[in-house]
Amino acid sequence: MASTDPVEYRGDVEYKETLLGPGNTFKTITDRINGIVLSPLPKTPVSILIGLAIAFALLLVFLYAVAQLLIIGIGVWGVNIPVGWGIDIVNFVWWIGIGHAGTLISAILLLMRQEWRTSINRAAEAMTLFAVACAGFYPLFHTGRPWLDYWMVPYPNSLGLWPQFQSPLEWDVWAITTYATVSLLFWLTGLIPDFAALRDQAENVWVKRIYGALALGWRGSAGHWQRYEFAVLILAGLSTPLVVSVHSIVSLDFAAGIVPGWHVTLFPPYFVAGAVFAGFAMVMLLMIPLRHLYGLKDFITLRHFDLMAKVTLATGLIVFYGYMMELFFAWYSGNIFEEAVATNRFFGPYSWSYWALIFCNGLAPQIFWFKSMRQNLWVCFITSLIISVGMWLERWVIIPISLTRDFVPSSWGYYTPTIFDWLTYIGTFGLFFTLFLLFVRVLPLIAGFEMRGLQQKMNEESAHKREVARHGRTEKAPAPAGD
Amino acid sequence: MRTTIRPKREPKKVAAAPSPVYGLMAQFDGPESLLHAAEKAAEAGYTRMDGYSPFPIEELAETMGKKVNWYPWCIFVGGLTGLATAFFMIYYATVLDYPMVIQGRPYFNWQTSVPIFFELSILLAAFTTVGGLLIGSRLPELYHPVFNVPQFERASQDSFFLCIESRDPQFDRRLTQQFLEGLHPLNIAEVSQ
């Protein structure tokens, strides 16, 4: 719709208060988002190509590390007695946690009618899918005989056996499969109208055909939209408890065990909050360079970062509360083994990691109390990096370090990750970034139809404001956007 | 030499030959104009029509008399099916087929089964949601007559269309065109089948 506003959109100007910069029309929104995807391959920005090259190299490192693991065995990793679960499981929980922020942004913020999710939810949900792919590798391959993983699925077999349905490790199989599948369905459903726009704008006949097939013939019919909106609301309503349940089940992998430091009833909410914390940091890390590269600063504005930083701060405080509670339990329980866990964390051989954790997760996010800091992108970027490291350290302190000092001193030991542990972890970054950069190149990284809906809402609001200013009376006021 | 002359076959009489025209499509520049046009069309008694937009417009579907009736129930049934599947799977394995005493708990205990009940319910409900969306909307439908209109490309980007189908009992090529012109669209196009 033609805007009577003479302002042109500016993709390189920072907006502090609005969720969508002025001067956009339905056409400019569509053209800008689809322009990134439909631009000819030789015109791909150089930074994307370099990023893809590095990511692909890391992916090859990943394949090498996995091949070594399959050929030689779990012995190439540093896990041993007493630490049977090392950074393989740390990385699993780290990646799954990152994935949860994407679902929170897509699903939970949709149910809460928070419009600031609109420009970030597509990329965040893609981040979820790729993070779950990286995470899923670990439980499948840490089993030692990964070719027998199908034993975890209930099927009639000649051994007459069934999986152990009472174990959180079995619950993980169901939870992560469901989470990956539902996230994929939610993401693909959200893409259908955007595929239709790509199909209609594409000029190359093969590009048109591929997006056309993916669009399933979507034509924007009112009856379809009605069913579609209902479906998206239901999927969001299903995904919300799913996120909470999946990370609770992951936390129960530890909490259901008797090891001191693991057997903490606080784990489910504490892990879920920690997941959202780490995930939002990763979303900020991804969005900052992308919006700069593609000139999308009026779509993903400083107001988005203001709100994301607030959520990060809030979940960081919940996580810090968890740390304090663990110490309280250690004292209040009167249990010498629980007390020993706390003493070990403060003064033991791995105390450097605990103090680094307190700094990264407890101290660093406090900078987000200040609005000027929340809207300073360098502060956001560096703090997000610190938080990502901090959340990795949290899982490190909980998982292997608790195992180094369990009940009887004769069982105590040390844990050192090997080079293959690290190569595998770095390799998962290769997998993640290869997938993410490919996504940025061939799929619309912002949900176009939702942005058009947001623009329409803002048009209605400004029209209403003009009418009130002209006539001085209030008719039915549209619900305010942007809060 | 042939002596019989076969009579020329009569063309088969069909009840009503399908019209070569699918309908008439009017293009509008904004969601308000489309909604207004749909209201007027509904008032005029047209029932077989559809509105096309690049983003969902509230109340447009209701104005045209479209409803989602069976869809929520399907999803509910899907979730219940997931729950039932999980229940029978666990019950069969742990009680009927290979019961084992684990940690002194009963063979089937619902507490440890809750996570799997929950996950399977959600999984099947999600499948039913997406399946119901596709089946109810008859997607994938890669061809549809409305795609024959060249400017319809804009429907997924920045334009709004109202199409009154020729199957509508009140459809008349001339009168419906006049009616649409009265709504002041950007243009009117004939949609061929």
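The values are calculated or read from the model by the stated rules, or taken from the named source; none is laboratory data. Note that the structure is predicted; figures quoted are calculated from it, not measured. Positions of Cβ are generated from backbone atoms using ideal geometry, with glycine treated the same way; all protein chains shown enter the neighbour counts. To get the accessible areas, we keep the full protein, side chains included, count just its heavy atoms, and leave off ligands, DNA and RNA. Shrake-Rupley method; radii C 1.70, N 1.55, O 1.52, S 1.80 Å.
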task: Please enumerate the residues belonging to the range A:134-174 that are touching a Leu at 6+ places or on another chain (Cβ under 6 Å) and within 10 Å of another protein chain (Cβ to nearest Cβ).
output: A:Pro168
query: Filter the range A:41-71 for residues that are closer than 21 Å to A:Thr424 by Cβ, touching a residue at least 12 places away in the same chain (Cβ under 8 Å) and open to solvent by 60 Å² or more (accessible area, probe 1.4 Å); which is farthest from the chain's Cα centre (by Cα)?
result: A:Leu70
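Please note which helices (runs of 4 or more DSSP H) are completely contained in the range A:393-479 and include at least 3 residues that are within 14 Å of chain B (Cβ to nearest Cβ).
Numbers: elements: A:400-404, A:419-442, A:448-471.
Those helices (runs of 4 or more DSSP H) span A:448-471.
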- line: Of the residues in the range A:124-143, those that are in contact (Cβ under 8 Å) with a residue 24 or more places away in the chain and open to solvent by 30 Å² or more (accessible area, probe 1.4 Å) number 4
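Working only within the range B:174-184, note down all residues that are part of a loop (DSSP other than H, G, I, E, B) and either open to solvent by 50 Å² or more (accessible area, probe 1.4 Å) or out of contact with any helix residue (DSSP H, G or I) (no Cβ under 7 Å at 6 or more places or on another chain) (or both). If you could, list the steps in order and put the result at the bottom.
At the first step, the residues of the range B:174-184 found to be part of a loop (DSSP other than H, G, I, E, B) are B:182-184.
Answer for the range B:174-184, where residues must be part of a loop (DSSP other than H, G, I, E, B) and either open to solvent by 50 Å² or more (accessible area, probe 1.4 Å) or out of contact with any helix residue (DSSP H, G or I) (no Cβ under 7 Å at 6 or more places or on another chain) (or both): B:Gly182, B:His184.
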query: Only one residue in B:Phe152, B:Phe171, B:Phe117 is more than 9 Å from chain A (Cβ to nearest Cβ), under 29 Å from A:Ala231 (Cα atoms) and open to solvent by less than 60 Å² (accessible area, probe 1.4 Å). Which one?
result: B:Phe117
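Looking at A:Gly261, A:Gly223, which is the one that is modelled with pLDDT under 95, more than 11 Å from chain B (Cβ to nearest Cβ), over 24 Å from A:Leu129 (Cβ atoms) and buried (at least 18 other Cβ atoms within 10 Å of the Cβ)?
Exactly one of A:Gly261, A:Gly223 is modelled with pLDDT under 95, more than 11 Å from chain B (Cβ to nearest Cβ), over 24 Å from A:Leu129 (Cβ atoms) and buried (at least 18 other Cβ atoms within 10 Å of the Cβ), namely A:Gly261.
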task: Take A:Leu188 and decide whether it is more than 14 Å from chain B (Cβ to nearest Cβ) and without any contact (Cβ under 8 Å) to a residue 60 or more places away in the chain.
output: no
query: Is it true that some residue in the range B:123-134 is among the β-branched types (Val, Ile, Thr), within 8 Å of another protein chain (Cβ to nearest Cβ) and either in a helix (DSSP H, G or I) or out of contact with any strand residue (DSSP E or B) (no Cβ under 6 Å at 6 or more places or on another chain) (or both)?
result: yes
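Residue by residue through the range A:196-215, note down the ones that are facing chain B (nearest Cβ under 9 Å), free of Cβ contacts under 8 Å to residues at least 40 places away in the same chain and surrounded by 19 or more Cβ atoms within 10 Å (Cβ to Cβ).
First, the residues of the range A:196-215 that are facing chain B (nearest Cβ under 9 Å): A:196-201, A:212-213, A:215.
Still in the running and free of Cβ contacts under 8 Å to residues at least 40 places away in the same chain: A:196, A:199-200, A:212-213, A:215.
Scanning the range A:196-215 gives A:Ala196, A:Arg199, A:Asp200, A:Gly212, A:Ala215.
Conditions (1) farther than 21 Å from A:Glu125 by Cβ; (2) modelled with pLDDT of 95 or more; (3) of a type in the set (D, E, K, R); (4) open to solvent by 30 Å² or more (accessible area, probe 1.4 Å), marked per residue:
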residue: A:Ala256; (1), (2), (3), (4): yes, no, no, yes
residue: A:Leu285; (1), (2), (3), (4): no, yes, no, no
residue: A:Leu296; (1), (2), (3), (4): no, no, no, no
residue: A:Val319; (1), (2), (3), (4): yes, yes, no, no
field: Of the criteria (1) facing chain A (nearest Cβ under 7 Å); (2) among the aliphatic types (A, V, I, L, M); (3) assigned to a helix (DSSP H, G or I); (4) farther than 19 Å from A:Pro241 by Cβ, which one B:Val95 fails
entry: (1)
